[in-house]
Amino acid sequence: MLRSPMMRDRFAPAAILGIAALGVVWLESACADEVAIDDTTGAVIEEVLVTGVQPGPGLWRVTRTTDDGAHVLLIMGEYNTLPKQMEWRSTELEAAIAGSQELLAEPEVDAEMGTFAKLGALPALIGVRNNPDGRRLEELMPIQLYARWLALKAEYLGYDQDVEKWRPIFAAFELYRKAVDRAGLTYSPVVWPVAKKSAKKHRVKITTPAVSVTIEKPRAMIKEFKDEPLNDLPCLESVLQRLESDLGLLRARANAWAIGDVAALRAMTNLNEASACISAIMNAQVLQERGLTELPARLMAAWLAEAERALASNVSTVAVLPMRDLLRPDGYLERLRASGYVVHEP
C-alpha cells in the first residue's frame with residue numbers, strides 16, 4: 001500500500017491515492033470494538049506501557065513442498081502504534097532475512113502520469129484538506145457533536161484555528177495523532193526499515209509488488225476532490241467516541257505487539273471494512289469514477305502473485321505485512337490457506 005496515509009507522496013495524484021489509503025490507518029488504530037475491562041467493576045483498565053527491549057511477535061510460516069524439497073515464506077506482522085520507550089529486538093527477523101533469497105515488501109500503488117502533469121499539479125494541492133466552499137466544522141456538525149469536538153480539541157490540539165477549516169476526516173486524523181502522542185505512544189514504522197537494511201546488508205533481493213494506475217488529467221482530479229463533499233462526519237464522530245473512552249485499548253494493543261502476544265492482538269482487533277472512515281473515502285465519486293476503489297483488492301492480488309512465485313522459486317523468502325492484514329479473516333494468510341499452502345502460527 002502507499003506508505004504514507006496522508007500527503008507525503010511526491011506528486012499530486014499519488015497524494016490523492018494517499019488520501020484513499022488513509023482508511024488503512026483506521027483499520028489498524030481506531031476501528032476496534034474490544035476494550036480491556038475489569039470484570040468486577042466494569043471499568044476500563046489503564047494499561048501501563050512496556051519499556052525496554054521487547055521481542056515483538058514471532059514469524060508466520062507458510063510452507064509449500066515441491067519435488068526439490070520444502071519451501072518456506074516467513075512473514076512478520078508490522079504494527080506501527082507502539083510504546084515510545086520500547087526498543088524492538090529484531091534479531092529473529094534479521095536472522096531469517098540473512099538465510100533467505102528474497103524480501104517481499106508491502107504492495108504499493110505506482111501512479112503513472114507525464115512529467116509536466118506531475119509538476120503542474122503540485123500547486124493544486126494547496127487547500128486539499130479544506131472543506132468545500134470554505135465551510136468550517138461548526139457549520140457541518142450538530143451542536144452536541146461540535147461541543148464534544150471542542151472539548152477534545154482543547155485537550156489535544158489547543159486553540160488551533162486552521163483545523164476548523166479542514167474536512168472532518170482530516171481533523172479526526174490530526175486529533176487522533178496528537179492523542180496517541182499524549183498517551184505515550186508513537187506512530188512510526190519500526191519493522192520495515194530494519195528489514196530493508198538487513199536485506200541490503202546480506203545482498204538479499206527486495207521485491208515490492210505494485211499496481212500501476214494511470215492518472216489522466218491529475219489537476220482535474222484534484223479539483224474534483226476539493227469540490228466534492230464527503231460523508232465523513234460519521235468518521236469524526238467514531239474517532240471522538242474512541243478517544244473519549246478507549247485510549248486504554250490503544251495502549252493494550254501496543255503492549256501486545258511489543259511482547260509478542262498475537263492471541264491478545266487478535267482478540268482486541270475488530271477489522272471492520274465498513275468503518276465510517278474507510279467508507280467516507282471509498283464512496284468518494286472522484287475515486288469511484290476512476291476505478292480507484294478497487295485498489296485494495298488489486299494490491300492483495302499483486303502481493304499474492306509475488307508470494308506464490310517466491311514460494312515456488314526460493315527455498316526461503318521473508319515478507320513484511322501490516323498485522324491487520326494477517327489477522328483479518330479474509331486476509332493474506334487465509335487466501336494462502338485457500339490456495340493449499342500450510343500456514344503455521346507464531
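Calculated on the alpha-carbon coordinates, the convex hull of the range 189-248 measures out at 168 cubic angstrom per residue. Loop-only chymotrypsin sites (Phe, Trp or Tyr not before Pro) in the range 139-207, please: DSSP not H, G, I, E or B, and at most 15 other Cβ atoms within 10 Å. When the chymotrypsin sites (Phe, Trp or Tyr not before Pro) of the range 139-207 are filtered for loop state and at most 15 Cβ neighbours within 10 Å, 159 remain.
Bridgeable lysines around residue 84 (alpha carbons under 16 Å apart, same-chain partners fewer than 8 residues away excluded): 178. Within the range 72-104, find all residues whose amide N lies under 19 Å from a label point positioned 7 Å from the Cα of residue 342 along Cα-to-beta-carbon. Those under the cut-off are 72-75. With K and R counted +1 and D and E -1, the other residues having a Cβ less than 13 Å from that of residue 131 yield a net charge of -2.
Peptide packing for 233-242, 212-221 was compared via the average number of neighbouring C-beta atoms within 10 Å per residue; ordered from the highest value, the list is 233-242, 212-221. In a DSSP loop and with at most 10 other Cβ atoms within 10 Å, there are no GluC sites (Glu not before Pro) in the range 283-336. With a simple spin-label model that places each label point 7 Å from the Cα along the Cα-to-Cβ direction, the separation between residue 150 and residue 163 comes to 1.5 nm. Find the Rg to Rh ratio for the range 237-305, where Rh is the Kirkwood radius over alpha-carbon pairs and Rg uses the same atoms. Result for the range 237-305 is an Rg/Rh of 1.09.
A simple spin-label model places the labels of residue 220 and residue 51 5.8 nm from each other, with each point 7 Å out along Cα-to-Cβ.
All of the numbers you see were taken from the coordinates with simple rules; none came from a lab. This is a predicted model, so every value here is computed, not measured. Because the Cβ atoms are built from the backbone with ideal geometry, glycine has one as well, and the counts that use them run over all protein chains shown.
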